[in-house]
Amino acid sequence: MRTATPRRYLMCPPAHFRVTYSINPWMDPTKPVDPALALFQWEDLRDRYRALGHTVELLDPVPDLPDMVFAANGATVVDGKVLGARFANPEREAEAPAHLAWFRSNGFPDPREPVHINEAEGDFAVTSTWILAGQGFRSSPLSHSEAQEFFGRPVIGLELTDPRYYHLDTALAVLDDARDEIMYYPGAFSPGSRAVLARLFPDALLATDRDAAALGLNAVSDGRNVLLPRTAGGLLGPLRERGFEPVPVDMSELHKAGGSVKCCTQELRPPAP
Ligand code: ARG
């Protein structure tokens, strides 16, 4: 039997969500998005977290930052320490100071402004032992040593090679952080990084092409409940077999920007007791 632990998340309502530019292969500015439906789907995700007993904090959306709904990219919080983001694309640059300002006025007086490009939890996945860190499309490999030094946790660099899986969190999800359990899509990684993952996580749940392409790895787990896009139906059985409770959600409008459940959810990890 799996146990959930209460979490604290930071989310940003998709008030200004649109696809007006293209910085990943999912984004087609000629395809319309339905802002009302995006808001409805986002509210459903927020309400599910709250119904599961988690705390959801809210970040004010900023006009002209249509990707700001993807709050996971704005900062990484481990042991109550905040490492800000530095975005790879100019279109998203201004999201980073908005996150820093939120932290400063919400009990995190001293967030660290990073030197190197890192798109926060888009590329950093945190387990109790490691921080897994994506590189290849967005975050600089130099940000890995920066994160290791700042958090004092070992950072494992992983090379992403498929442009559809441009952030680590589109190809890998932490299922049980306390026990270092993950699921991932091997096809998104270089051969060397695949070997590293196989060595560190021999029992990982491996996703198929189809579930990865449905953004099924862009999932959030509290140790028991795994919220994931409902289009990734192939993951439900394997998750249940491992004792997890999959919670499928419809995030179709957000998928048009290349983001889903995890992208909308930044975890605020408390200091060690
Ligand atoms: N359109 C956004 C971008 O390309 C999507 C970000 C999704 N966020 C994530 N954590 N993968 O930056």
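The values are calculated or read from the model by the stated rules, or taken from the named source; none is laboratory data. Just so it is clear, the structure is predicted and the values come from calculations on it, not from any experiment. Cβ sites come from the backbone with ideal geometry, for glycine too, and all protein chains shown count toward neighbours.
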When you scan the range 187-210, do you find a residue that is assigned to a helix (DSSP H, G or I) and within 16 Å of the ligand (Cβ to nearest atom), even just one? yes
Checking the conditions here, which among Glu113, Glu93, Glu119, Glu149 is within 12 Å of the ligand (Cβ to nearest atom) and surrounded by fewer than 16 Cβ atoms within 10 Å (Cβ to Cβ)? Glu93
Is it the case that Phe137 is within 16 Å of the ligand (Cβ to nearest atom) and at pLDDT 95 or above? yes
Arg7: without any contact (Cβ under 8 Å) to a residue 60 or more places away in the chain, surrounded by 17 or more Cβ atoms within 10 Å (Cβ to Cβ), within 20 Å of the chain's Cα centre (by Cα) and away from the ligand (no atom under 16 Å from the Cβ), yes or no? no
Looking for something away from the ligand (no atom under 12 Å from the Cβ), of a type in the set (A, V, I, L, M) and closer than 17 Å to Gly122 by Cα - is there at least one such residue anywhere in the range 241-261? no
Inside the range 22-47, the number of residues satisfying the requirement of being under 17 Å from Leu215 (Cβ atoms) and outside any loop (DSSP other than H, G, I, E, B) is 6
Can you pull out every residue in the range 10-33 that is in contact (Cβ under 8 Å) with a residue 40 or more places away in the chain, away from the ligand (no atom under 12 Å from the Cβ) and out of contact with any helix residue (DSSP H, G or I) (no Cβ under 6 Å at 6 or more places or on another chain)? Pro13, Ala15, His16, Lys31
Kindly provide the set of residues from the range 153-186 that are assigned to a loop (DSSP other than H, G, I, E, B), under 24 Å from Glu267 (Cα atoms) and within 16 Å of the ligand (Cβ to nearest atom), ordered by number. Tyr166, His167, Ala171, Tyr185
